[in-house]
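These notes concern the structure reproduced below.
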Amino acid sequence: MAASAADVRSILAIPDPAPKAGPSKPKKAQTAAAIRKQEGITREVQGLIGGSAAGLAVQYAKPRLKQKPNLGGSGKTHWELRAFKNKGRSDDLELKHWVKSTTDPTAGYPFAKYNIQSTSYTYSQDEYTRFLDDREWTKEETDYLFSIVREYDTRWYIIHDSYDYPGGMPRTLEDLKDRYYSVCRKLVRNRPWAGDEISKNQLIQSFQFDKDRELTRKKYLLSLENRTQEQIVEEEALYIEIKRLEQNERKFKKERDDLLRTLAGVDSGLPDIIEDDGTPLGITGDAKRKKKGGTAMDIDSPATPSVASIATPVVKRPQTARNAAYDAQHCIIRTDPPLTSSATKAAHQPAYLRSFKLPVPKAAIAPKITQALAELGISHSRLVMPTKDNCVQLEALLDATTALVETKRLVDKVQADIDVIKEQIALREGRGMEGTTEPSVALDAMEMDDTNEVEAEPEGEDGRAQSVVSTRSVRSRKQTRRSMSISSVDTTATVSTRAGTKRKR
Amino acid sequence: MVNYGGDEVSALVVDIGSSSLRAGYAGDDTPKAIIPTSYGYKPAPPDVDISMEEGSEAANKSPLATMHLGQSGPSIWRAGMEVGNPLIEGLIQDFNPIRPLIDHAITEVMRCNPSEHPILLTEPTWNTPANRERMAEIMFEEFQVPAFYIANTGVLNAFAAGKGSALVIDVGQAMASVTPVVDGFVLRKGLAYSPLPKLVHAHARHTLISPTPTRRGIDLYPHQLIANKLPVDLGQPPKFTLREDRLAGTTDSWKAWAEGREVDEWIQSVAGVLDQGWNDQLAAMRPPKQYEFPTGYNANFGAERFNVGEQFFWHSPQLVASNANLPKTIPALITESLRACDPELRQVLMGNVVLTGGGSLFSGFADRLSTELMRTFPHTKIHAPGNPVERRYGGWLGGSILASLGTFHQLWISKEEWQEHGAAIVGQRCK
């Protein structure tokens, strides 16, 4: 038996929410509405608290739990076992598979669209006799070839593998390809073409097959495979070497360019081709020469034509009569590049103005030369017309002046030496008889030097040093000679004097 | 559905090998039924076929009247039971037990009705056209399958490895083969195969049964024939008693089969191969392994256990001289196969070497093969699944993949086509 809300209320002595008096209809409806629905409170509790606990009910909002995942979209999906037919098949085989019941049963089998046949060429007997006749191929064998190509979708390795024409001669893969593609080409070329010329050419192009080239390529492949271990190792080493050289070359070129740009503001003027191609090709040539013993690695052969072009990297125009005449007419004077230096880029001379390279006197004696020239009333630093002849003359003048100044200086120095030694001898003779022999030897040497120097004077216009050295070296040990050859005239003089003083002690 | 290309039509895949027959649903990753291909049978008493005139079929069928198939087939001793195997060198030579074997796998083990499922069957590359047509006949006429296809194990193994082009090295129980596969087709001119595993087995058996300076020849009695045995020390003669009651009823073929199993057990647990080629010192340095035979005899096997695996890769000149048609070694097979291939293909194939077959699980096999191949082809990549199921049932797995593809279903030979075109359709459809 269920206790009504009124019973509970009377037990707990709760006043009746709706006074029983005045049971008019609209009022009752209102109470009912108030009581009716309180979210989240069970009916029994609702009955207990009655309509007065509206504020309480607000707190009893339904707890919000984590939303349940909505699996499988809206509702369940039905799958059904359905029989289907495949349009790719020529027969009526019915297989069964499970599909969603929502899929359209009238739609075709979705995988049938992958059944694509490649376009295959066919020809009539007439076409064959007109265009396709070939001495090595009969029509029957060509037919067989086309059927097997169609069957295996131009997978040539498999076609070649399963090619077995009864009574036919053995065919290589290239034979088959060549025949097939040449037939296709001829058919396309000789048939009326609906589209434009470009597309026709493109199609013909796609059937291009160069049998000889393929054969050579295969040959290369084979030789590549037949390399011995040593050959492979050597090849790799050479390859690394080339890479290294190329890198060096590039770095060097870049540095030189930078330097020239900053110092002279000019480009090196060297064609790039020399650095970038010249060296590697030179190396490959080397490699080939080394390889000659084993299997010739003809893979490199594409490089050979450019090797020839590289052989004369610096453009050297031969001096033909025509050229000479042309030069004379246009006042062109050619200077030969320095012969001593090889044609490496280090010795390369870019174009320059002649006035840039006017001879400059040696820094040590420059003021003396300037002074000497000034006495003559000549300014060497400013050449009004630096023509070729003028330049040559100025150079000769400077050389002569330099020789003159040098000679004078030496004469002064030797004179001073002689004076000093004479004084010393006089001093020694005055003092006593100790150590007579050695100084006399030293003196001998000095005198010899003197005479030689005097002899050498007339011929020496470009350096006293050489003549001094040569005469001295005859007598002195090799070591001294070596040190002398790199020292200047002044030092030789001091060395000789110092030697003299040493011996004296 | 179309996205991954699968569309399952509940096809069955049946892969018959020398040691086991695998059957299962296409789309699965493991065959549901794996039963030994060897079967036990009791020959009919000779007085039955006195009247030979009645027809040779009756005479042929009668030996198979009582056949014992499956897991409790040949492995259970039965008085007078012979053991047969329909396959010789990977090819089915005796079609009589084929139907009961397939029937057992499909209806007894898998519990399904072959007439309701398309069936994909596998064949080795060297299968004959007559054989495959006979198989198609069995399938259509005896099992009433709605559709049938026969696929090449080489191709299927490549598919199982996820490759369209591969050099498949398949070492089974009876045959070792190297098959170049390009674009899902076998290059038949590049096929090379030899019964090499049989030679290894024979070598192992010879190693065990022939006496050496340190031990007597080992008895290979299977446990079915041993009544009791006592534990003995390492290398001591075994103490066991045979079941005299069974000896009389044991047939030669059963005994050979059971001893073969003992040898295989020994090979699988003890034998191995050195990964860097034969070297006496290295072989001696490897730790010996102990093995106990059913008789209770147990011994340590040292260098000789590596000599067994060496037979896969190298044969001594004396052996070659004494035996003219010795099966080719694995490196020889690979060389032969590659030589027949286009030079352009060799690099592709060597980059996709697939090692498969239960025999390739031989301890150290993959490492040794890798060393051998790296010597000549530095860019070789060998795909050898670590999962034994994938390795042993690669052919089945490839079939399972193939037969569950949506695009494959247009290739089935339907019953209608079979009835219309006859046996010729098999050669036309299954390349």
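The table below gives the values:
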read-out	value
Two-decimal Rg to Rh for region A:361-424 - Kirkwood Rh, Cα set	1.17
List of region A:89-131 residues, accessible area with partners at least 40 Å² below that of the chain alone (1.4 Å probe)	A:Arg89, A:Asp91, A:Leu93, A:Leu95, A:His97, A:Phe111
Extension gain from B:Asp103 to B:Asn298, taking 0.36 nm per residue of separation minus the Cα-Cα distance	66.1 nm
Ranked order, A:Phe356, B:Phe159 - accessible area, probe 1.4 Å, largest first	A:Phe356, B:Phe159
Amide H contacts under 5 Å for B:Leu12, placed H, 5+ residues apart	B:Ala26, B:Ile119, B:Leu120
Accessible surface, 1.4 Å probe, highest first, among residues B:Trp418, B:Trp314	B:Trp314, B:Trp418
Listing of region B:175-193 residues, each with accessible area lower by at least 40 Å² in the full protein assembly than in the chain alone (probe 1.4 Å)	B:Phe185, B:Leu187, B:Lys189
At most 14 other Cβ within 10 Å, DSSP loop - chymotrypsin sites (Phe, Trp or Tyr not before Pro), region B:72-151	B:Phe95
Antiparallel %, DSSP beta bridges [both residues in chain B], to 5	75
Calculated from backbone phi, Karplus (6.51, -1.76, 1.60) coupling profile of region B:173-184 in Hz, x at Gly/Pro	7, 10, 10, 10, 9, 10, 10, x, 10, 10, 6, x
Per residue value of the accessible surface for region B:78-234 (all protein chains in place, 1.4 Å probe), Å²	39
Residues in region A:166-202 reached by a label modelled at A:Asp133 [backbone nitrogen below 13 Å; 7 Å Cα→Cβ]	none
Stretch gain in nm, segment B:Gln281-B:Ala202, where the contour uses 0.36 nm per residue and the Cα spacing is subtracted	25.9 nm
Shielded residues, region B:391-411 - accessible-area loss of 20 Å² or more between chain alone and all protein chains, probe 1.4 Å	B:Gly406, B:Thr407, B:His409, B:Gln410
Theoretical gain in end-to-end length, A:Lys388 to A:Gln125 [0.36 nm per residue, Cα-Cα removed]	86.1 nm
Calculated [θ] (222 nm, deg cm²/dmol) that DSSP helices of n ≥ 4 give over chain B, each run adding -39,500 (n - 2.57)	-9000 deg cm²/dmol
Heavy-atom SASA rank of B:Tyr291, A:Tyr239 (probe 1.4 Å, accessible area, largest first)	A:Tyr239, B:Tyr291
Karplus (6.51, -1.76, 1.60) ³J(HN,Hα), θ = phi - 60°, over region B:219-231, in Hz, Gly and Pro reported as x	7, 9, 5, x, 5, 5, 9, 10, 7, 7, 8, 10, x
Amide H contacts under 5 Å for B:Ile226, placed H, 5+ residues apart	B:Arg243
Buried accessible area, chains A and B (both chains, 1.4 Å probe, Å² to nearest 100)	2800
Whole-percent carbon and sulfur share, accessible surface of chain B, 1.4 Å	51
Probe 1.4 Å, accessible area per residue of region A:125-224, Å²	59
Spacing of the two label points (7 Å from each Cα toward its C-beta) at A:Phe209 and A:Asp327, in nm	6.1
Label-point separation in nm, B:Cys112 to A:Val8, each point 7 Å along Cα→Cβ	6.1
Fraction of alpha-carbon pairs over 27 Å apart in chain B - percent	57
Restraint check, A:Lys76/A:Lys100; A:Lys177/A:Lys219; A:Lys100/B:Lys163, Cα-Cα greater than 21 Å	A:Lys100/B:Lys163
Residue-wise HN-Hα coupling along region A:363-371, computed from phi with Karplus coefficients 6.51, -1.76, 1.60 (Hz; x: Gly, Pro)	4, 5, 10, 3, x, 5, 5, 4, 5
Interchain or long-range residues, amide H under 5 Å from B:Ile150's placed H	B:Leu121
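The values are calculated or read from the model by the stated rules, or taken from the named source; none is laboratory data. Keep in mind the model is a prediction, meaning the values are calculated, not measured. Reconstructed Cβ throughout: ideal geometry from the backbone, glycine too, with neighbour counts over all protein chains shown. Calculation scope for accessible area: heavy atoms of the full protein, side chains included, ligands and nucleic acids excluded. Shrake-Rupley method; radii C 1.70, N 1.55, O 1.52, S 1.80 Å.
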